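The values are calculated or read from the model by the stated rules, or taken from the named source; none is laboratory data. Bear in mind that the values here come from a model prediction, so they are computed numbers and not experimental data. Cβ placement follows ideal geometry from the backbone for every residue including glycine, while neighbour counts extend to all protein chains displayed.
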Amino acid sequence: MTQPVKPLLNQLTAELKAAGFASGQIIMADESRACYGYDATRQSADPMLVLLPESGQQVETAIKLAAKRKLKIFPRGAASGMSGGSIPSSDGIIISLTRMNRILEIDQENMIATVEPGVVTGELQEEVSRYGLFYPPDPASLSFSTLGGNVAENAGGPRAVKYGVTADYVMGLEAVLINGETIKCGNKCVKSVSGYDLTSLLVGSEGTLAVITKILLKLVPAPESVKTSLLAFPSMSAAALAITAMFKNQISPSTIEFLDHHSINAVRETLPFSLPAAADTVLLVEIDGSSTSVMAQSQKLKKLFENKALLLIEARDEGERAQLWTARRRLSPAIANLAPHKINEDIAVPRAAIPAVIARLEQLSARIALPIVCFGHAGDGNIHVNVMLDKNDPEQAQRGVKAVDEIFAITLELGGTLSGEHGIGNTKSAYLDKEWSAATIAAMRAIKQAFDPENRLNPGKIFPTPGSQPCH
Amino acid sequence: MTLTWQQELKKCVKCGACMAVCPIYRQTGREEMVARGKLNLIERVDLEKPAHKKEIPAGWLEAIDSCLLCCSCEENCSKGVKITEIIAAARNRQSAKQGLNPIKKSAFALLLNRFFSMARLLKAGSFMQWLLWRRLPRHSGLVRRLPLPGIDDKTVIPALPRQQLDDYLRKRKAAPNLEPVLYFPGCATRYLYPQMGLDLIYVLEQLGFYGVVPPEFNCCGLVTWGAGDSKSTMELQQRNLAVIQKHAAIRQIVTGCASCGHALKEYDGLPADCEILDISEFLFRHKEKLEKLVGSRKLNRKITYHDPCHLRKGQKITAQPRWLLQLIAGENFVEMRHPERCCGAGGTFGLSHKALSRKILAEKTRDTDASGAEIVASGCPGCLLQLTEGALLAESSWEARHPVTVLADLLKNDAGKENRKEVE
Ligand SMILES: Cc1cc2nc3c(=O)[nH]c(=O)nc-3n(C[C@H](O)[C@H](O)[C@H](O)COP(=O)(O)OP(=O)(O)OC[C@H]3O[C@@H](n4cnc5c(N)ncnc54)[C@H](O)[C@@H]3O)c2cc1C
Ligand code: SF4
Ligand code: SF4
């Protein structure tokens with residue numbers, strides 16, 4: 001820490017303490033601050049100070065006291081972010097929301113949960129399940145990411161194909177603006193059209209517009225049963241046709257995950273069942289709902305694909321369901337064995353464009369001589385694209401960067417988007433102008449300007465800053 | 001190939017999955033306390049650097065000290081980072097710099113001292129304990145009579161028995177018709193819970209095995225390893241390995257202590273043909289025989305199960321103890337919510353971090369209460385002591401028992417009733 005900063009920080013912490021912060025909520029020691037400067041992108045920067053507020057009011061206090069000194073604020077949830085959203089700069093304060101982790105209310109009549117932002121997604125799901133209720137969004141990180149982070153990134157998961165993403169469940173918010181004032185938006189009403197829909201604006205704003213301190217979440221009745229099946233097809237296009245056929249036949253899966261042939265090869269040996277050699281694409285399909293409806297839909301699925309698919313396995317119980325999911329679960333560690341490093345992008349395209357994307361990526365892989373492994377959410381068009389490489393080889397690293405440029409170009413050409421789930425943060429901001437026109441970005445900047453005129457709230461995210469480099 | 005701790009450290013990708021399971025993080029909400037944060041501290045604070053020559057930063061000490069070594073993070077880490085190894089190595093470097101905590105130092109010296117041994121000290125204590133401690137009415141264990149520093153009236157310590165396991169075994173008759181297996185009872189069973197050891201030996205006998213308990217077995221070394229005392233750990237390992245070598249004709253070693261089993265399985269230099277088995281693993285190997293022995297007998301009280309961390313996460317054993325309880329109790333065996341969550345004992349952690357340990361325990365106690373069980377079974381003396389304290393704190397009426405003692409009672413008593421006599 002540079003010397004002139006010290007007196008400033010001492011003064012600030014004295015004021016925080018006078019305003020009710022306990023010393024355990026203020027982290028100043030060098031070594032401890034350093035533990036709040038990274039996220040799952042493995043970038044790291046040490047904030048000047050870390051605060052652990054325990055109420056919305058404490059967030060207000062902290063932001064007001066920081067505003068007096070024009071200090072930057074970086075909101076942080078569980079820091080499981082995959083786009084560097086919570087990475088601070090050295091002259092900024094981290095506000096970590098992990099201690100604001102109370103479930104304030106589960107309103108069973110209106111089926112709405114009111115929570116603080118630090119509640120872990122999976123904890124809410126477990127709690128509401130006791131009342132026969134269900135909070136569907138299921139990012140793979142649900143057992144450790146926070147609802148605040150989910151809202152800020154508009155997180156989604158495999159169930160998006162039927163249930164949608166986080167945005168579809170946020171009914172209302174309380175949030176602290178950079179001037180320290182709290183705003184409220186939304187309410188418990190299903191129909192609510194008074195004024196601008198600020199709730200929708202804040203969802204997915206990546207901590208750049210306000211610090212979320214309270215969240216109202218819609219709940220739905222818990223499905224009575226779930227049926228899981230695994231289907232193998234000889235090609236990606238055959239699998240895509242199969243998905244279309246499902247919808248046409250009134251089968252409405254809650255999840256359709258796919259594995260491409262590289263993924264299949266990576267896990268094949270470790271699976272508790274055997275896959276035919278000709279299997280090029282595997283679909284993992286889940287159908288949920290009332291027992292009768294699940295039964296009827298599964299029978300239809302069976303009838304439709306018994307002959308067309310190379311393989312169709314239906315899980316009969318929890319144990320078999322878990323076995324089928326091993327194919328998907330073992331994937332990440334298994335592909336990690338293919339090369340020392342991977343560049344991982346989470347592009348999304350309209351569902352029908354999946355075969356085209358996969359075919360184009362296949363060509364790209366041949367051209368740059370690096371394996372590209374694809375898997376993800378076939379139901380909603382969200383594809384995890386993994387370029388496998390050895391970054392210690394500068395020549396490979398260069399090819400990797402080039403691959404990313406081309407992956408984005410292909411995606412955008414096919415009507416897709418840079419990120420389906422992880423957000424732009426600081427890792428993809430350099431590409432924003434590839435997707436959006438100057439006028440669109442100017443409109444986005446105007447919103448940012450209106451909320452945060454001094455650019456002190458999570459600066460350096462979403463918008464390309466002069467000299468900002470893509471980070472992989 | 002074994003990696004150095006520095007190489008292990010590099011495997012962490014900072015995904016944060018360890019946050020989902022770390023009991024310390026759950027209670028503190030502080031990043032420095034979770035495995036990811038601890039690893040970051042270990043990476044960032046180079047103890048050899050001149051800046052840290054004089055003192056180790058307080059944040060580092062607090063975080064590295066606040067670990068139960070419960071392996072929960074390791075179970076949930078898709079990168080397979082050996083987090084507890086890294087933490088033990090960090091503690092080792094710390095103690096090399098600062099010296100061991102004096103209490104631990106003298107306790108470890110006792111573990112290694114052949115003449116003035118732990119056994120003798122605890123036996124001496126068994127005569128004096130009634131001055132300071134009184135027996136708990138409904139549970140096994142003692143609580144203080146008079147105010148004592150750092151110990152409140154809800155702290156449960158085990159009653160020190162006058163007769164230790166070895167005393168009972170000295171009177172044992174040889175049984176040439178039984179097949180010998182080595183039994184590693186571990187310190188807690190030997191000196192504190194001899195009945196548990198006798199019950200295990202009894203069950204082995206029923207199955208046709210003779211539990212050989214060499215008196216020269218030492219402490220397994222888990223506690224010295226966790227404290228960062230690698231020298232004592234090596235010494236204890238060598239002594240135990242020598243005992244195993246001496247009994248070259250017996251290649252199976254069973255233990256009823258999850259922590260000892262976890263430690264023994266990690267020994268370097270364990271003979272390749274030697275097998276360490278938790279008692280639940282061993283019993284499962286003799287499934288048919290045991291099923292026949294139990295016959296139609298069933299425990300008529302509701303029983304639930306707590307996974308000892310060193311069994312579930314340390315040794316990946318989850319199914320065998322459940323099979324055993326199912327056999328003992330049938331439908332009276334019920335799962336509690338989150339049986340996998342740590343109870344907060346963590347060796348000496350419960351004493352050094354009492355408040356934090358009790359917060360962790362309180363959740364476990366609530367889950368046990370909610371199961372509606374009268375008995376919570378767990379194959380680890382450390383967990384049993386902690387759970388007993390949990391019942392006392394929450395004024396719950398269930399008792400904590402080793403699955404093998406429940407099994408032994410069932411086998412001894414035709415009606416499945418338990419009118420056992422605690423050994424004094
Ligand atoms: C193994 C793994 C799997 C993942 N799988 C998925 C997946 O399937 N789907 C998916 O969508 N994502 C996934 N992610 C990414 C990540 O988990 C999500 O983006 C998640 O929503 C981030 O939550 P967090 O609490 O960790 O937020 P953080 O990483 O701490 O922050 C993320 C962003 O939100 C902002 N923020 C956090 N809290 C607040 C608040 N209270 N107010 C305002 N802004 C705030 C931060 O400033 C930052 O910009 C995965 C990550 C990992 C490591
Ligand atoms: S789960 Fe493993 S890889 Fe992930 S942050 Fe924790 S220690 Fe690192
Ligand atoms: S061993 Fe247990 S207490 Fe220690 S860091 Fe891992 S999960 Fe946390």
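Checked against the criteria, B:H310 does not count as within 30 Å of B:P180 (Cβ to Cβ), assigned by TED's automatic domain parsing to the domain that holds B:E179 and buried (at least 22 other Cβ atoms within 10 Å of the Cβ). Filtering the stretch B:81-106 to residues that are more than 14 Å from chain A (Cβ to nearest Cβ) and either within 16 Å of ligand 1 (Cβ to nearest atom) or touching a Cys at 6+ places or on another chain (Cβ under 7 Å) (or both) leaves B:I83, B:T84, B:I87.
Annotation note: of A:V203, A:V120, A:V128, the sole residue that is within 16 Å of ligand 3 (Cβ to nearest atom) and touching a Leu at 6+ places or on another chain (Cβ under 9 Å) is A:V120. Within the stretch A:104-111, does at least one residue satisfy the condition of being crowded, with 22+ Cβ neighbours inside 10 Å and either at pLDDT 95 or above or within 12 Å of another protein chain (Cβ to nearest Cβ) (or both)? Within the stretch A:104-111 (the criterion being crowded, with 22+ Cβ neighbours inside 10 Å and either at pLDDT 95 or above or within 12 Å of another protein chain (Cβ to nearest Cβ) (or both)), the answer is no, since none of the residues qualifies. Looking at the structure I just gave you, is A:T114 modelled with pLDDT of 95 or more and within 12 Å of chain B (Cβ to nearest Cβ)? Answer is no for this residue. Residue under question is B:L69, and the condition is that it be of a type in the set (A, V, I, L, M, F, W, C), away from ligand 1 (no atom under 16 Å from the Cβ) and at pLDDT below 85; does it hold? In short, no. Check the stretch B:198-208 and report whether any residue there is out of contact with any His (no Cβ under 8 Å at 6 or more places or on another chain) and closer than 16 Å to B:G269 by Cα. Looking for residues that are out of contact with any His (no Cβ under 8 Å at 6 or more places or on another chain) and closer than 16 Å to B:G269 by Cα, one finds none in the stretch B:198-208, hence no. The residues listed here are A:I441, A:I410; of these, the one that is under 24 Å from A:I178 (Cα atoms) and assigned to a helix (DSSP H, G or I) is A:I441. Residues in the stretch B:155-177 that are free of Cβ contacts under 8 Å to residues at least 40 places away in the same chain and among the acidic types (D, E): B:D167 only. Look at A:T61 and say whether it is assigned to a helix (DSSP H, G or I) and crowded, with 19+ Cβ neighbours inside 10 Å. Judged against the criteria, A:T61 is a match. Residue count for the stretch A:306-333 satisfying the condition of being touching a Lys or Arg at 6+ places or on another chain (Cβ under 9 Å), crowded, with 18+ Cβ neighbours inside 10 Å and within 14 Å of chain B (Cβ to nearest Cβ): 0.
Scanning the stretch B:27-63 for residues that are in contact (Cβ under 8 Å) with a residue 24 or more places away in the chain and either closer than 12 Å to B:K97 by Cβ or of a type in the set (D, E, K, R) (or both) yields a total of 8. Is it true that some residue in the stretch A:124-139 is crowded, with 21+ Cβ neighbours inside 10 Å, more than 10 Å from every other protein chain (Cβ to nearest Cβ), polar (S, T, N, Q) and over 19 Å from B:Q27 (Cβ atoms)? Taking every residue of the stretch A:124-139 in turn, none turns out to be crowded, with 21+ Cβ neighbours inside 10 Å, more than 10 Å from every other protein chain (Cβ to nearest Cβ), polar (S, T, N, Q) and over 19 Å from B:Q27 (Cβ atoms). Here the stretch A:200-217 is the region considered, the condition is being assigned to a helix (DSSP H, G or I) and either within 25 Å of A:I94 (Cβ to Cβ) or in the same structural domain as A:L51 (by TED's automatic domain parsing) (or both), and the residue that is farthest from ligand 2 (Cβ to nearest atom) is A:L201. Among the residues making up the stretch A:35-61, a single one is at pLDDT 95 or above, β-branched (V, I, T) and under 15 Å from A:A79 (Cα atoms): A:V50.
Of all residues being away from ligand 2 (no atom under 16 Å from the Cβ) and among the β-branched types (V, I, T) in the stretch B:40-92, which is farthest from B:Y25 (Cα to Cα)? Just the residue, please. Only one residue tops the list, namely B:I56.
Going through (1) at pLDDT below 95; (2) in a strand (DSSP E or B); (3) not aromatic (F, W, Y) one by one, B:I276 falls short only on (1). Considering only the stretch A:146-154, I want to know if a residue exists there that is away from chain B (no Cβ under 14 Å) and either of a type in the set (K, R) or more than 10 Å from ligand 1 (Cβ to nearest atom) (or both). The answer is no; no qualifying residue exists.
Close contacts from the stretch B:10-23, counting a first residue that is over 13 Å from A:C35 (Cβ atoms) and near ligand 1 (Cβ under 8 Å from one of its atoms) and a second that is part of a loop (DSSP other than H, G, I, E, B) and aromatic (F, W, Y), with Cβ to Cβ under 7 Å and a gap of 6+ residues or different chains, come to B:A17/A:F144.
In the stretch A:155-182, what residues are within 13 Å of ligand 1 (Cβ to nearest atom), in contact with an Asp or Glu (Cβ under 7 Å, 6 or more places away or on another chain) and farther than 19 Å from A:P223 by Cα? Once the filter is applied, which keeps residues that are within 13 Å of ligand 1 (Cβ to nearest atom), in contact with an Asp or Glu (Cβ under 7 Å, 6 or more places away or on another chain) and farther than 19 Å from A:P223 by Cα, the stretch A:155-182 yields A:A155, A:V176, A:I178, A:T182. A:I94 meets all of the listed conditions (1) surrounded by fewer than 23 Cβ atoms within 10 Å (Cβ to Cβ); (2) within 11 Å of chain B (Cβ to nearest Cβ); (3) in a strand (DSSP E or B) but one, namely (1).
To keep it simple, each residue is scored yes or no on (1) away from ligand 3 (no atom under 16 Å from the Cβ); (2) modelled with pLDDT under 90; (3) among the hydrophobic types (A, V, I, L, M, F, W, C); (4) touching a helix residue (DSSP H, G or I) at 6+ places or on another chain (Cβ under 6 Å).
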{"position": "B:K11", "(1), (2), (3), (4)": "no, no, no, no"}
{"position": "B:V21", "(1), (2), (3), (4)": "no, no, yes, yes"}
{"position": "B:I24", "(1), (2), (3), (4)": "no, no, yes, yes"}
{"position": "B:G29", "(1), (2), (3), (4)": "no, no, no, no"}
{"position": "B:A107", "(1), (2), (3), (4)": "yes, yes, yes, no"}
